[in-house]
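These notes concern the structure reproduced below.
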Amino acid sequence: MIAVDIHRIDLDMKELKGYLDQARPVLGEEAHQKLTAALETLAYMTDLVGSKDMTIERLQRIIFGASTEKTSNVLNKQTGAAAGSGKEKDEEKSVEEDTKPRNHGRNGAVDYTGAQRVKVEHESLKSGDHCPLCMKGKVYVQKTPAYIVRLVGQAPIGATVYERQSLRCNLCLEVFTAAAPDGIGPEKYDPSAGAMIAALRYGSGFPFYRLERLQGNMGIPLPASTQWGIVLEIFRIIYPVYKELIRQAAQGEVLYNDDTTMRILALMRKGVRQKLLAESNAGSNEKPERTGIFTSGIVSTGDGREIALFFTGRKYAGENLNELLKLRAAELGPPIQMCDGLLSRNLARDFEVVLANCTAHARRGFYDVASRFPDECRFVLETLGEVYRNDAVTREQVMSGEDRLAFHKARSGPLMEELKKWLAEQIIEKKVEPNSALGEAILYMQKHWTELVRFLEVPGAPLDNTICERALKKAILHRKGSLFYKTQNGADVGDLFMSLIYTCERCGVNPVDYLTELQKHSVELSENPGTWMPWNYRERK
């Protein structure tokens, strides 16, 4: 092996960013943004590697993603073929077979709900005619037709050019132009075009400049600045519906909340100035202003519906939830709040709530150390796995809140009580070092035990916060595709569209159709926005 003498150069991230800013005129804006994102990723990875809690396995999951956190997979991976008896393996196999999704594969014709449908009549027969084969019977129309599905490629935003014939008198020079066809309207951009732009940008994380490039390649120019103007106009039209959605979300039975980091360039520049000012006033007692930027996700459930809300800015998830609860009707009483154990950020401090904490977060502490403590983690993961299976039964049987509570008390109560005793034994009998990774996982679960078992005390209390984490993927997708918002106004526009689009998805509603109808009925929705929610707007179409 040849030894290589590597000359080490110590550089800090601020210095590297300075070099990038100097090179911006040469690199161009797009290249500068990409290199800045790469530099921020390097800084993030450097912090991760330097963390005392970081392990190789956890770092791999952060970089490459975890394929699954299923108990059977993680424990089988760690313990190999020797883990468990043959009977246990058969039971695990049967559970996997039972939970395997059914009817998966190709999409049938009925799945294409948004496709144009063309009815093709038989070329020679109609209902009631004699059979051309046997000449005795009569043919009749079958309930299910014979389908043919054909998919075509097209630009996301289509265009039609109407060439109106013009005639001019050679004597008086008067020009006579053909009238426009009925139904095309005076506006250049149809409401469906704006709805599609909003769905692509805020529902699928498709940046304006990328759509501009795609549209240009398809021969239908659509500049990014024009796209922004269109969605901003839609924002102003449908804002009353967004306010009503927030009001109705405040009345929910269970409120899930969490947040993720976000970038707003205008606030980031302001934050840099605040940080420099704080450093210059290091000796003063003034508390520095918060410089972090977050997108908070709040999901409200009740009456069989889910409402998703997004709020981007300086506030934590708990502070945004606090603002939401100001709109809650006093006669409803305190809602159930589900969040993770980071209560300094997630708790709504000015209002009474029935606090429940996320079991999935507590479980993840044991999942992360399963490779080092397989036997101990097996007991915890399998116990919680049984609790989750019980919860799946309550969903399959569509139990009421009271019935679900009774079911969990009978089935899951003894399991959680046994787990509580096991956790105490590990610390009291000094079987586990409290400062170890396993000890920290145990102490976290003990610290939040009352909130973790709320599903055994309160009807309707959920097990975890995965509903909110799933909603936040919408904001994360936007962050990955577009990197940042430019201003707070841009973030407010994004919050509105993401809230409406994700709520539509959770209600089984086509978001493009919904946003289109809102634009077509702007006067009616401003007068009575409550009748234009995703779950009832079809009644007003």
ask   = Once both labels are modelled 7 Å past Cα along the beta-carbon direction, what's the Ser436-Asn170 spacing in nm?
value = 10.2
key: Kirkwood-based shape ratio for region 460-536, expressed as Rg/Rh from alpha carbons   = 1.03
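In the structure displayed, which of Lys14/Lys34; Lys34/Lys480; Lys270/Lys315; Lys70/Lys421 lie more than 19 Å apart, Cα to Cα? Kindly include the intermediate steps, with their values, before the conclusion.
Details: Lys14/Lys34 17 Å; Lys34/Lys480 11 Å; Lys270/Lys315 15 Å; Lys70/Lys421 24 Å.
Beyond 19 Å between Cα atoms: Lys70/Lys421.
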ask   = Reachable aspartates and glutamates from Lys474, Cα under 18 Å, same-chain residues fewer than 8 places away excluded?
value = Asp258, Asp259, Glu306, Asp492, Asp495, Glu505
note = Among region 150-189, those whose backbone N falls under 15 Å of a label point 7 Å along Cα→Cβ from Arg106 are 150-151
key: Integer Hz, Karplus 6.51/-1.76/1.60 couplings in order for region 309-324, x for Gly and Pro   = 10, 10, 9, 10, x, 7, 6, 6, 4, x, 5, 5, 5, 4, 5, 5
ask   = At what distance in angstrom do the alpha carbon centres of region 374-447 and region 204-238 lie from each other?
value = 49
query = What does region 359-464 give for Rg and for Dmax, in Å, if only its C-alpha atoms count?
reply = 14.2, 43
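Would you please put 226-238, 361-373 in order of how densely packed they are, using the mean number of other Cβ atoms within 10 angstrom per residue and starting with the highest?
On the way: 226-238: 17.5, 361-373: 20.0.
Result, highest mean first: 361-373, 226-238.
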ask   = In sequence order, what are the phi-derived ³J(HN,Hα) couplings for region 503-520 according to the Karplus relation 6.51 cos²θ - 1.76 cosθ + 1.60 with θ = phi - 60°, rounded to whole Hz, with x for glycine and proline?
value = 5, 4, 4, 6, 9, x, 10, 6, x, 5, 4, 5, 5, 5, 5, 4, 5, 5
Protection-proxy order for peptides 316-325, 167-176, 474-483, each taking the mean of Cβ atoms within 10 Å per residue, highest first = 316-325, 474-483, 167-176
inquiry  = How high is the relative contact order of region 359-464? Use alpha-carbon pairs under 8 Å, at least six apart in sequence, and give a whole percent.
reply    = 36
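Assuming a ≥ b ≥ c are the square roots of the Cα gyration tensor eigenvalues, decide whether region 181-277 counts as rounded (a/c under 1.5), prolate (otherwise, with a/b larger than b/c) or oblate. Walk me through the numbers before you get to the answer.
Numbers: a/c = 2.36, a/b = 1.32, b/c = 1.79.
Oblate is the answer for region 181-277, as a/c is 1.5 or above yet b/c matches or exceeds a/b.
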message = Can you order the peptides 399-410, 421-432, 255-266 by their average number of other Cβ atoms within 10 Å per residue, highest first?
response = 255-266, 399-410, 421-432
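Quick note: the coordinates plus some simple rules give every number you see, no bench work behind them. Since this is a predicted model, take the numbers as computed values, not measurements. Every residue, glycine as well, gets a Cβ built from its backbone with ideal geometry; the counts of neighbours run over all protein chains shown.
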